[in-house]
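I have placed the structure first, in the form of structure tokens, so that the comments after it can refer back to it.
The values are calculated or read from the model by the stated rules, or taken from the named source; none is laboratory data. As the structure is a computational prediction, the values presented were derived from the model and not from experiment. FYI the Cβ positions are ideal-geometry reconstructions off the backbone, even for glycines, and counts take in every protein chain you see. To get the accessible areas, we keep the full protein, side chains included, count just its heavy atoms, and leave off ligands, DNA and RNA. Shrake-Rupley method; radii C 1.70, N 1.55, O 1.52, S 1.80 Å.
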Amino acid sequence: MPMSRSVNRRTTLLAAAAALVGLALPAVAQPKTVLRISTPAVPDAWHAKMWTVFKDALEKSAPGEFDVQINLNASLFKQGAEPTAMARGNLELTSMSAADIAKLVPEFSIFTAGYMLRDPAHQQRVFTGPIGAELFKRVSEKMDITVLSTCYLGTRQVNLREAREVKTPADLKGIKLRMPGSKDWLFLGNALGATSTPLAFGEVYLGLKTGTIDGQDNPLPSVRAAKFYEVTKQIVLTSHLVDSLFIAISNKSYNALNATQKQKVLAAAQAAAAYNNDNTVREEAQLVDFFKKEGLQVSTPDVAAFRKTVQAAYQTSDYASAWPAGLVERINAIH
Ligand code: KDO
């Protein structure tokens with residue numbers, strides 16, 4: 001056999017063997033990026049269901065790249081502990097309240113104040129515009145967390161265990177009003193004229209049922225999802241806080257992604273917020289009827305009196321002096 005043919009044959013055989021070996025070796029799977037989510041939201045809440053939208057969006061845009069783990073009912077971290085868990089590298093994503101952020105970024109307390117944001121459209125314009133950009137930059141610097149999108153939790157209303165005549169803040173005197181457990185929330189409850197008492201969201205149903213608290217405040221969709229209407233008799237439409245939740249990821253996890261993945265995570269967070277916001281606005285408009293059918297009294301107080309008292313409480317407190325000069329005016333000027 002001429003030399004060249006033999007070499008050729010050997011080369012072909014070697015190539016075939018290599019191809020076979022290659023085929024036989026299992027493909028080296030890229031490890032998936034784990035994204036752990038923790039939230040106190042109950043499964044039936046829009047801001048719980050939105051995480052499935054987030055997960056599905058990523059499975060579609062980046063198949064096999066992410067392992068999104070959704071933990072509801074504060075089953076992974078207790079309410080309010082999420083930012084610390086993120087800083088320690090134990091959690092990748094959550095939805096934070098303005099009060100959670102205000103603990104480390106004091107100027108953010110402006111959004112914990114009653115009657116500051118007017119409605120969901122105002123809220124979105126504020127947070128997707130220059131004010132949002134400036135404040136989210138501070139959040140990134142001080143908390144090492146990137147805000148990806150803003151959710152409308154709903155507008156908070158007072159929800160009482162026993163019905164009573166409530167027209168002005170004076171009518172809430174002596175009411176033990178459960179608020180989430182941080183000083184900004186407690187300030188808001190007291191500003192409404194009640195006596196704030198801190199309690200984790202997961203304990204509110206039992207607190208209302210047993211009477212350790214006289215009431216709580218939450219947006220109507222949360223009252224429905226957590227079934228607080230089963231253990232309360234009245235909703236007072238104070239509309240005191242157009243409430244926000246910020247979908248956020250730790251900078252450590254975000255910066256570990258490549259540019260395309262970052263873009264996909266951002267798009268998924270925006271899709272999740274849009275799903276939450278559309279459903280929350282739609283449902284909120286229908287819930288007064290639902291609660292009435294459930295036998296609750298739904299009353300409208302003198303909202304102007306509540307607004308006046310609550311705004312005065314903030315203006316005469318240390319809060320107003322911690323807010324950057326002109327920020328309230330800039331927020332008010334957005335239409
Ligand atoms: C609550 O504890 O009342 C609150 O509404 C506060 C929000 O910031 C958010 O934590 C929410 O609970 C939970 O997601 C449960 O809906």
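Against the numbered list (1) within 16 Å of the ligand (Cβ to nearest atom); (2) farther than 27 Å from N255 by Cβ; (3) open to solvent by less than 20 Å² (accessible area, probe 1.4 Å), H122 comes up short only at (1). Of the helices (runs of 4 or more DSSP H) that lie entirely inside segment 76-138, those containing 2 or more residues that are of a type outside the set (S, T, N, Q) and closer than 25 Å to H240 by Cα span 98-102, 120-128. Number of residues in segment 195-211 that are within 15 Å of K176 (Cβ to Cβ) and in contact (Cβ under 8 Å) with a residue 24 or more places away in the chain: the value is 4.
Could you check, for segment 175-197, whether at least one of its residues is among the charged types (D, E, K, R), open to solvent by less than 10 Å² (accessible area, probe 1.4 Å) and touching a Pro at 6+ places or on another chain (Cβ under 8 Å)?
Filtering segment 175-197 for residues among the charged types (D, E, K, R) gives 176, 178, 183-184.
Still in the running and open to solvent by less than 10 Å² (accessible area, probe 1.4 Å): 178, 184.
Right, trim to touching a Pro at 6+ places or on another chain (Cβ under 8 Å) and you get 178.
Yes, because at least one residue in segment 175-197 is among the charged types (D, E, K, R), open to solvent by less than 10 Å² (accessible area, probe 1.4 Å) and touching a Pro at 6+ places or on another chain (Cβ under 8 Å).
For segment 294-324, the set of residues classified as outside any helix (DSSP H, G or I), closer than 20 Å to H122 by Cα and hydrophobic (A, V, I, L, M, F, W, C) consists of W323 only.
When you look at S321, is it within 28 Å of I110 (Cβ to Cβ), within 24 Å of the chain's Cα centre (by Cα) and hydroxyl-bearing (S, T, Y), yes or no? Give the steps one after another, and end with the answer.
Details: within 28 Å of I110 (Cβ to Cβ): yes; within 24 Å of the chain's Cα centre (by Cα): no; hydroxyl-bearing (S, T, Y): yes.
Answer is no for this residue.
Among the candidates V328, V303, which residue alone is over 25 Å from the mean Cα position of the chain (by Cα), among the aliphatic types (A, V, I, L, M) and at negative phi?
On the way: V328 fails: over 25 Å from the mean Cα position of the chain (by Cα).
Unique residue meeting the criteria: V303.
Take the residues of segment 86-108 that are more than 14 Å from the ligand (Cβ to nearest atom) and among the small types (G, A, S): which is most open to solvent (accessible area, probe 1.4 Å)? Of everything passing the filter in segment 86-108, A87 is most open to solvent (accessible area, probe 1.4 Å).
How many residues does segment 198-230 hold that are of a type in the set (K, R), surrounded by fewer than 18 Cβ atoms within 10 Å (Cβ to Cβ) and more than 18 Å from A74 (Cβ to Cβ)? First the steps, then the outcome.
Quick first cut of segment 198-230, residues of a type in the set (K, R) only: 209, 224, 227.
With surrounded by fewer than 18 Cβ atoms within 10 Å (Cβ to Cβ) added as a condition, the list becomes 209, 227.
So of that shortlist, the ones also more than 18 Å from A74 (Cβ to Cβ) come out as 209.
Adding up the residues that qualify gives 1.
Does F127 meet the test of being surrounded by 19 or more Cβ atoms within 10 Å (Cβ to Cβ), within 29 Å of V53 (Cα to Cα), within 16 Å of the ligand (Cβ to nearest atom) and under 20 Å from the mean Cα position of the chain (by Cα)?
Numbers: surrounded by 19 or more Cβ atoms within 10 Å (Cβ to Cβ): yes; within 29 Å of V53 (Cα to Cα): yes; within 16 Å of the ligand (Cβ to nearest atom): yes; under 20 Å from the mean Cα position of the chain (by Cα): yes.
Criteria met by F127.
Tell me whether segment 288-296 contains one or more residues that are touching a residue at least 12 places away in the same chain (Cβ under 8 Å), within 15 Å of G114 (Cα to Cα) and either of a type outside the set (D, E, K, R) or surrounded by 14 or more Cβ atoms within 10 Å (Cβ to Cβ) (or both). Within segment 288-296, not a single residue is touching a residue at least 12 places away in the same chain (Cβ under 8 Å), within 15 Å of G114 (Cα to Cα) and either of a type outside the set (D, E, K, R) or surrounded by 14 or more Cβ atoms within 10 Å (Cβ to Cβ) (or both).
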